Amino acid sequence: MDRLSEQELLLPLIPLRELVAFPNVIVPILVGRDKSLNALKASLAQYGGHVFLAAQRNQITETPQPEEMYEVGTIARIEKSAEQSNGSYRIVVQGLKRGRIIEYADNPGFHLVRLTVLEERSESGKDLLELSRNLIALFEEYINLKRVRLPGIMTRLKPSQLADASDIIISIISIPLKIKQSLLEELSTYTRGVRIYNVLKKEVLQLRSQRDIEPKMKREEGQETDYDEYKKKIAAAQLPDYVRTRAEEELERLAAMPPFSAEGTVSRYYLDWLLAIPWKKFKKENKDIRRAAQVLDEDHYGLRKVKERILDYLAVRLLVRRSEGEILCFVGPPGVGKSSLSKSIARALDRKFVRVSLGGVKDEAEIRGHRRTYIGSYPGQIVKGLKKAGSMNPVFLLDEIDKLNSDFRGDPASALLEALDPEQNSEFNDHYLDLELNLSQVFFITTANFSENIPPALLDRMEVIELPGYTEREKLEIAKNFLLKKQAEKNGFLPQQIRIPDEVLLRIINEYTREAGVRNLEREIAVIMRKTARAIIEEGKKGRKGENRVIDMEMLVRFLGIPKFSAQKIFQRNEIGVAIGLAWTASGGDILVVEARMLKGKGELILTGRLGEVMKESSSAAFSYTKLKLFELELDTEDLKHYDIHLHIPEGAVPKEGPSAGVTLAVSLISLLTGIPVRSDYAMTGEITLRGKILPVGGIKEKIIAAHRYGIKNILIPSENERDFREDIPEELKSDIRVHPVEGMDELLDIVLEHPIKIQNIKSKVIRPLQQANLQ
């Protein structure tokens, strides 16, 4: 196709019905008539997607003839085209220039027209900029009165570009087609702008009149307007003075808007939220601390230290009427009862309970709300929670606070700082409401699997209460006293109808689940209940009135399948280069098997098993300590430079991090290089230094429970963690294990290696006494 700047062009014609296309405007068009479809295909195939768009004089004609077409139209470029199911095409075109048809070429399949490009005239001496500004301002009023939503349209209208702004505006306003066609044919920029301004002004005056008359007509007909309805609601609501003032101001703004306008809808939504928040409503709470203790015991077994801390905290809040204490944060592995403890606190205090999950939240507006300048804005989760609770003093659970994220939309953790800071939350500001909200009486509780993942500024504002994993005995009692009853009722049984003996429950705990909490245990019990219900139905008996059932070992295997875990000790013999460590994960305690092997190489340390940065540094420290220890024992390590040491921690798909495996890594390396096996009935934990000191670590209870679960009865811990063992480990567990507190690696190696590190015990091809090395 010739360039658009040339005087004459040859283009396919697509006739338009009920539509005038303008330059500088993007228009969607549905093409369905045969000649128009042929013109579209020819345009895409032969004319670079360019086409001429002209309106029909007769809008009814299906196949318009040349004399039934307007001569002036718009040269356009096809941007997108998509075939529809009925064979028609939906296209999007960009208007480029005005054009006038000179003649119709002889073409049987579609109209092919020869046309000339029309250039606009811009008169000098005319105040085009002032006209453009007035026109754009009038158009903005028009779309507000017309209740039309056109996102981004005002940014496209530039006062310095009157011709473009005129075409865009005239393509949008609702006026007869003949007037639009005459404006398309007007080539004087100033004259077209004045004509559009006059047309638009007439439309605006009509819309203003309609806006003013409609409310009066409603009042005369006895109909209650939105204004009257909201006025009554505001008068009846219990609102603080500053909120009432804001509501009345917003109501006056609503009264000045056209009925059902887009802006009016935004104002109504805002007023609805102001009236929905329980500004002065507080639920009377229970102040009997003994009742609170009873509720906690009814809902949760064990957790003695946790319950004591909660009751201490509640006592202070009840004693000090306007307490501004710390925010509680329950930290522990999944399934130990963090969320259910929060519900119990709400029940104990007789307060409403609200839960908001923060897992994966990235947008700050989820906490603080969206500012009202945005279309579709709404309040944040805290305001929504207060509305749901219907009071200003609920127990408000912020679940999974350690899984907050941040991106370009802001940092939700920063938004929580104001809500969770007792010094500031009496004046919390939600962006949507843009009003101060008093959160000082809200009982905030947060939960997390790891406190290390909570932003430090947030953690500093909370009192952390750690919920450790359950022991075997605690899981058994929880299953007997809580889970069996709950799942029996849930599956249509009376609690006494289904009995699972202790030995069967213990087998489920040890061989079908391996967790710190009881979530999977409850799932397995639920499976048993469902299988039993099915068996009863198949036997033709009624669930609640049938005979009592006892689940024995045979039925257990039939219902749950073969055991998923072995209850036996994981290693049956001592091995060289294999040591058992203890880990503390988001799921509770676990064992960590470290394998070390030596192969021909260049003296490098190879690490595999998805180790984190801290664990890699621990491996390097353990390797350096090992070489220093061997040198201290006057053992020659010169030949090590011809070998690579490969350290591997199985379950390579699971990320591993932390310094507490340092001693295990060192034991594995020393065992490999000396050829002395490591005792398989010992597990260990502790951070190592280059001097061989063993530093304290966290999660001692969870780690000891994990070792006991795997049948390991001898455990080595840092001596500084001995207090944790004495205070946190239940008595029934203490009697079944033996803990060895150690201060340094020498003490630990004497216990965990099968033989002491002496010349006569070393069986290595690459390590030998220095004297022998010198003789060679």
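General remarks:
- Checked against (1) assigned to a helix (DSSP H, G or I); (2) at pLDDT 90 or above, Ile694 meets all criteria but (1).
- For Phe631: the one exception among (1) assigned to a helix (DSSP H, G or I); (2) in contact with a Ser or Thr (Cβ under 8 Å, 6 or more places away or on another chain); (3) surrounded by 14 or more Cβ atoms within 10 Å (Cβ to Cβ); (4) not charged (D, E, K, R): (3)
- Within region 452-504, the set of residues being farther than 30 Å from Glu731 by Cα, within 32 Å of the chain's Cα centre (by Cα) and of a type in the set (A, V, I, L, M, F, W, C) comprises Ile454, Ala457, Leu458, Leu459, Met462.
- Region 286-303 residues that are touching a residue at least 24 places away in the same chain (Cβ under 8 Å), paired with ones that are surrounded by 15 or more Cβ atoms within 10 Å (Cβ to Cβ) and in a loop (DSSP other than H, G, I, E, B) (beta carbon under 8 Å, 6 or more apart): Asn286/Asp350; Ala292/Asn286; His300/Gly337; Gly302/Tyr470; Leu303/Gly337; Leu303/Leu467
- Candidate set: region 36-46, residues that are touching a residue at least 40 places away in the same chain (Cβ under 8 Å) and surrounded by 20 or more Cβ atoms within 10 Å (Cβ to Cβ); chosen: the one nearest to Leu157 (Cα to Cα): Leu40
- Qualifying residue in region 401-420 (condition: of a type in the set (Asp, Glu) and open to solvent by less than 10 Å² (accessible area, probe 1.4 Å)): no
- Summed over region 591-619, the residues that are within 12 Å of Ala661 (Cα to Cα), open to solvent by 40 Å² or more (accessible area, probe 1.4 Å) and not aliphatic (A, V, I, L, M) give a count of 2.
- Matching helices (runs of 4 or more DSSP H) fully within region 137-206 where at least 2 residues are at pLDDT 90 or above: 162-172, 177-185
- Candidate set: region 648-669, residues that are surrounded by fewer than 23 Cβ atoms within 10 Å (Cβ to Cβ) and touching a helix residue (DSSP H, G or I) at 6+ places or on another chain (Cβ under 7 Å); chosen: the one farthest from Glu617 (Cα to Cα): Lys656
- Scanning region 672-685 for residues that are assigned to a loop (DSSP other than H, G, I, E, B), of a type outside the set (Val, Ile, Thr) and under 21 Å from His646 (Cα atoms) turns up Gly675, Pro677, Arg679, Ser680.
- Helices (runs of 4 or more DSSP H) (entirely within region 227-304) containing at least 3 residues that are closer than 26 Å to Val383 by Cα and among the acidic types (Asp, Glu): 241-255
- Under the condition of being among the aromatic types (Phe, Trp, Tyr), open to solvent by 40 Å² or more (accessible area, probe 1.4 Å) and farther than 28 Å from Ser344 by Cβ, the residues counted in region 259-306 number 2.
- Annotation note: Cβ proximity below 8 Å between a residue of region 412-437 that is in a loop (DSSP other than H, G, I, E, B) and a residue that is surrounded by fewer than 22 Cβ atoms within 10 Å (Cβ to Cβ) and among the acidic types (Asp, Glu) (sequence gap 6+ or interchain) occurs for Pro422/Glu324; Pro422/Glu326; Glu423/Glu324; Gln424/Glu418.
- Taken together, the residues in region 335-362 that are in contact with a helix residue (DSSP H, G or I) (Cβ under 6 Å, 6 or more places away or on another chain), open to solvent by less than 50 Å² (accessible area, probe 1.4 Å) and in a loop (DSSP other than H, G, I, E, B) amount to 4.
- Among the residues of region 509-532, just one is among the basic types (Lys, Arg), more than 16 Å from Gly337 (Cβ to Cβ) and either within 33 Å of the chain's Cα centre (by Cα) or surrounded by 22 or more Cβ atoms within 10 Å (Cβ to Cβ) (or both), namely Arg514.
- Search result, residues across region 460-469 that are touching a residue at least 12 places away in the same chain (Cβ under 8 Å) and open to solvent by 10 Å² or more (accessible area, probe 1.4 Å): Arg461, Met462, Glu463, Val464, Glu466, Pro468
- Total residues in region 391-411 satisfying the condition of being assigned to a strand (DSSP E or B) and in contact with a strand residue (DSSP E or B) (Cβ under 9 Å, 6 or more places away or on another chain): the figure is 5.
- Residue count for region 720-737, restricted to those that are touching a residue at least 60 places away in the same chain (Cβ under 8 Å) and surrounded by 12 or more Cβ atoms within 10 Å (Cβ to Cβ): 3
- Just one of the listed residues (Ser668, Ser619) is within 14 Å of Thr689 (Cα to Cα), within 42 Å of the chain's Cα centre (by Cα) and modelled with pLDDT of 90 or more, namely Ser619.
- Qualifying residue in region 528-543 (condition: of a type in the set (Asp, Glu) and modelled with pLDDT under 85): yes
- Strands (runs of 3 or more DSSP E) (entirely within region 1-110) containing at least 2 residues that are under 48 Å from the mean Cα position of the chain (by Cα): 26-31, 50-55, 72-83, 89-105
- Residue in region 488-498 that is in contact (Cβ under 8 Å) with a residue 40 or more places away in the chain, crowded, with 20+ Cβ neighbours inside 10 Å, within 30 Å of Ala276 (Cβ to Cβ) and of a type in the set (Val, Ile, Thr) present: no
- Residue check, Ala365 open to solvent by less than 40 Å² (accessible area, probe 1.4 Å), among the aliphatic types (A, V, I, L, M), at pLDDT below 85 and touching a Lys or Arg at 6+ places or on another chain (Cβ under 8 Å): yes
Residues checked against (1) among the polar types (S, T, N, Q); (2) open to solvent by less than 50 Å² (accessible area, probe 1.4 Å); (3) touching a strand residue (DSSP E or B) at 6+ places or on another chain (Cβ under 6 Å):
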{"site": "Gly48", "(1), (2), (3)": "no, no, no"}
{"site": "Phe52", "(1), (2), (3)": "no, yes, yes"}
{"site": "Ser85", "(1), (2), (3)": "yes, no, no"}
{"site": "Val92", "(1), (2), (3)": "no, yes, yes"}
{"site": "Gly109", "(1), (2), (3)": "no, yes, no"}
{"site": "Leu112", "(1), (2), (3)": "no, yes, yes"}
{"site": "Arg121", "(1), (2), (3)": "no, no, yes"}
{"site": "Ser132", "(1), (2), (3)": "yes, yes, no"}
{"site": "Tyr142", "(1), (2), (3)": "no, yes, no"}
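- Selection status of Val92, touching a helix residue (DSSP H, G or I) at 6+ places or on another chain (Cβ under 8 Å) and either at pLDDT 90 or above or on the phi < 0 side of the Ramachandran plot (or both): no
- Output for region 310-337, where each listed residue is among the charged types (D, E, K, R) and modelled with pLDDT under 80: Arg317, Arg321, Arg322, Glu324, Glu326
- Failed item in (1) touching a strand residue (DSSP E or B) at 6+ places or on another chain (Cβ under 6 Å); (2) more than 26 Å from Asp167 (Cα to Cα); (3) in contact (Cβ under 8 Å) with a residue 24 or more places away in the chain; (4) loosely packed, with under 13 Cβ neighbours inside 10 Å, with Pro66 passing the rest: (2)
The values are calculated or read from the model by the stated rules, or taken from the named source; none is laboratory data. All values reported here derive from a predicted model rather than from experimental measurement. Methodologically, a virtual Cβ is constructed for each residue, glycine included, from the backbone with ideal geometry; neighbour enumeration extends over all protein chains shown. What goes into the accessible areas is simple: the full protein's heavy atoms, side chains included, and nothing from ligands, DNA or RNA. Shrake-Rupley method; radii C 1.70, N 1.55, O 1.52, S 1.80 Å.
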